[in-house]
Amino acid sequence: MTTAIEVHGTCEPRFSRVRDVFADNFSKHGEVGASLAVMVDGDMVVDIWGGYADAAQTRPWERDTIVNTFSTTKGIVATCAHRLVDQGKLDIDAPVAQYWPEFAQAGKGEIPVRYLLSHQAGLPAPRNFLPPGMAYVWEPLRDALAEAEPWWEPGTRHGYHAITFGHLVGEVIRRVTGMTVGQYFRKEIAEPLGVDFHIGLAPEHDARAADMIPAPLPTLDSSNPLAQVLSDPNSMNFRAFMITMDTTLDSTFMNTREWRAAEIPAANGHGNGRSLARLYGALARSGELDGFRVLSEEAIGAATEEQAYGEDAILMMPTRMGLGYMLDLPEMQISPSGRLFGHAGLGGSFGYADPETRMGIGYTMNKMIFSEDIVDPRWPAMFEAAYEAL
């Protein structure tokens, strides 16, 4: 376990406890390498990093180190969709089939785009596993979803579309713009806002990409929610996470060129704390930063309205969904106001905006943790310290 590290970067004095808590994660929770950033009303008040980019601890985590963020990527995809709404190119309440005609198969002709964003479409997985090796190819999962019959009547319940969210919303984005999610995000948001986040990582960035360090999978008899999800290979829940039978939650795929290069917009974006804090920092202040408007205030308001709340059909625990963003959950409320929105990723990363305090916060790391209650042990103290400083 790492016991002491040097924290690099900048931190305003009133946020010094955020820096201390970040450093404590290395001794208390075995952090290996990480970055954390906090933006308040357009000012980057915390931008720190430390540790190592590899398990052997031979490669220092640098200012420009980026890392896989898993489902934190979903918030990026949602932001792209809402930008299209702002541009008048996408109607959230129009049928998906209006943009993607093939989607109308199996009685899905009237499912609105809204249900894709709110995890209410009933399509957390195709009915059959994809062939081995197909997880990194866009068309097989897209086509399987177009052909699939929903697992439940759309709109009657919600269940986390762990992998399929990115292909469902991403294909709508592609049909509307002619660009993949990664291309659209780069052109429309990342480059003009100066955000170092990538969906589909070019090979020239490999040298600065940290290696993910997987946590041991929970035993099937444990109380960990992930263990319950993975207990039955024939279940809808299992298939929501394991689209192909050759998918595993270990470094054999997380650190490969194939995984990094693919566009799996629900799960394989690469970035750092600064990039997430900057994007969510813009959303926290009505959508504008440094003269560039990401989203209108109206679009943010609509995107963060509660769409579904209660027992999640996939995760088998309460979740609260907006339109592509996860909302603060009363059972585990993070922000004092309850208005926090954004997304977290498997193993620990997150990006969130709090419009009440005009704060954007982003955290990325390479050591994954699967906790029994799904609350990452590194999170509470970081959020608490940030809110105390405001």
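Each value in this text was obtained by applying a stated rule to the coordinates, not by laboratory testing. Since we're looking at a predicted model, the values are computed, not measured. Every residue, glycine as well, gets a Cβ built from its backbone with ideal geometry; the counts of neighbours run over all protein chains shown.
Listed peptides 304-310, 197-203, 160-166, 274-280 appear in the order 274-280, 160-166, 197-203, 304-310 once ranked by packing, highest mean of other Cβ atoms within 10 Å at the front. Modelled spin labels at residue 337 and residue 183, positioned 7 Å past Cα toward Cβ, are 3.8 nm from each other.
Spin-label model, residue 149 to residue 288: label points 7 Å out along the Cα-to-beta-carbon direction sit 5.1 nm apart. The gain in end-to-end length when the residue 232 to residue 311 segment is fully stretched comes to 26.5 nm, 0.36 nm per residue minus the alpha carbon separation. Overall form of segment 262-351: oblate. Here a/c, set by the Cα gyration tensor axes a ≥ b ≥ c, is 1.5 or more, and a/b is not larger than b/c. Only the Cβ atoms of Lys and Arg (+1) and of Asp and Glu (-1) were treated as charged; on that basis the dipole of segment 311-390 about its Cα centre amounts to roughly 320 debye. Sorting the segments 315-324, 347-356 by their mean number of nearby beta carbons within 10 angstrom, highest to lowest, gives 347-356, 315-324.
What FRET efficiency, computed as 1/(1 + (r/R0)^6) with R0 = 30 Å and r the Cβ-Cβ distance, is obtained for residue 207 and residue 27, rounded to the nearest 0.05?
So the FRET efficiency works out to roughly 0.55.
Gain on full extension, evaluated as 0.36 nm per residue between residue 41 and residue 137 minus their Cα-Cα distance, stands at 30.6 nm. Antiparallel beta bridges, as assigned by DSSP with both residues in the chain, represent about 90 percent of the total such bridges. Of the listed pairs 74/108; 28/74; 74/367, which have alpha-carbon separations greater than 31 Å here? Table pairs above 31 Å Cα-Cα: there are none. By how many degrees, between 0 and 90 and to the nearest 10, does the Cα long axis of helix 138-147 differ from the longest principal axis of the chain? Once rounded, the angle reads 40 degrees. For the chain, find the longest principal axis of its Cα atoms and tell me its angle to the long axis of helix 73-86, 0 to 90°, nearest 10. Value to nearest ten degrees: 60.
What number, in percent, do you get for the relative contact order of the chain if the mean sequence gap of Cα pairs under 8 Å and at least 6 apart is divided by its residue count?
Worked out over the chain, it gives 25 percent.
Calculated on the Cα set of the chain, radius of gyration then Dmax: 19.4, 58 Å. Measure nothing fancy, just the Cα-based angle from helix 16-28's long axis to the longest principal axis of the chain, in degrees from 0 to 90, nearest 10. So the helix axis and the longest Cα principal axis differ by about 80 degrees. Summarising the label geometry, the points placed 7 Å from Cα in the beta-carbon direction at residue 375 and residue 156 lie 3.4 nm from one another. Ranked by the mean number of other Cβ atoms within 10 Å of their residues, highest first, the peptides 261-267, 109-115, 335-341 fall in the order 261-267, 109-115, 335-341. Taking 12 Å as the cut-off, the amide N atoms of segment 171-215 that come nearer than this to a point 7 Å along the Cα-to-beta-carbon line of residue 261 belong to 201-204. Hey, if you put +1 on the Cβ of every Lys and Arg and -1 on every Asp and Glu Cβ in the chain, which of 212, 29, 338 ends up farthest toward the positive end of that dipole? Working it through, the farthest residue towards the positive pole turns out to be 212.
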